[in-house]
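Contents: one structure, followed by commentary.
What follows is calculated from the coordinates using simple rules that are stated; it is not laboratory data. Everything numeric in this text was worked out from a predicted model, so none of it was measured. Quick reminder, even Gly has a Cβ in these numbers, built from the backbone with ideal geometry, and neighbours come from all protein chains shown.
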């Protein structure tokens, strides 16, 4: 009787595990289909498997330098306001075993013509950033904008160039769009939420919001 009970528990666990895999696959399939439909509406191209060369080209940015098992998928590419752009799902993993955790994002990447952007990274500030500030990861603060400085961690290779970029209008933009992360370097800009993927119906407004930031940084564009 005990053997039957053990066998029943094993079969039950296997059934639950199998159901979990099935539903995970179905959710991924539904998202892929929704992203493909979105690409068609935007008249952009779609690639379910992403582009490894794009992932490699972004490897120097903070978001893409973290973790392992990195993957880019559901890639949508097109042109917005004369700039080539891409939107995609991105994930990476930290830890292993029981401490393994996969982080998910939806990322907007824009290729900008004209004068290069200074190297910078902006994200919502966390408690551990105070420690990083003391060991060389300097947070660029603005005395005239204490709420922005309190809420965001900003750093870059050339502080003066970053300060010139972050004028009052751009700072105001971030104060009204919390939990937004942005990185720039040369002709590349990436934008994403601090964590989590966007719903397919949220992506188009997110692209528009990202391009509003571009118009502030590049008023001549």
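The table below lists the values:
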| quantity | calculated |
| --- | --- |
| Centre separation in Å (Cα based) which lies between the range 135-183 and the range 57-91 | 22 Å |
| Relative exposure of 73, 157, judged by other C-beta atoms within 10 Å (fewest first) | 157, 73 |
| Shape category assigned to the range 17-107 from the gyration tensor of Cα positions, a/c cut at 1.5 | oblate |
| Gyration tensor verdict on the range 44-217 (Cα atoms; rounded if a/c is under 1.5, prolate if a/b is larger than b/c, oblate otherwise) | oblate |
| Which of 152, 92 has the fewest Cβ neighbours within 10 Å, and the rest in rising order | 92, 152 |
| Where labels lie 7 Å past Cα in the beta-carbon direction, separation of residue 98 and residue 159 in nm | 4.5 nm |
| Proxy reagent accessibility, fewest Cβ within 10 Å first, across 154, 170, 112 | 170, 112, 154 |
| Compactness relative to 2.2 N^0.38 Å, alpha carbon Rg of the range 146-212 | 1.17 |
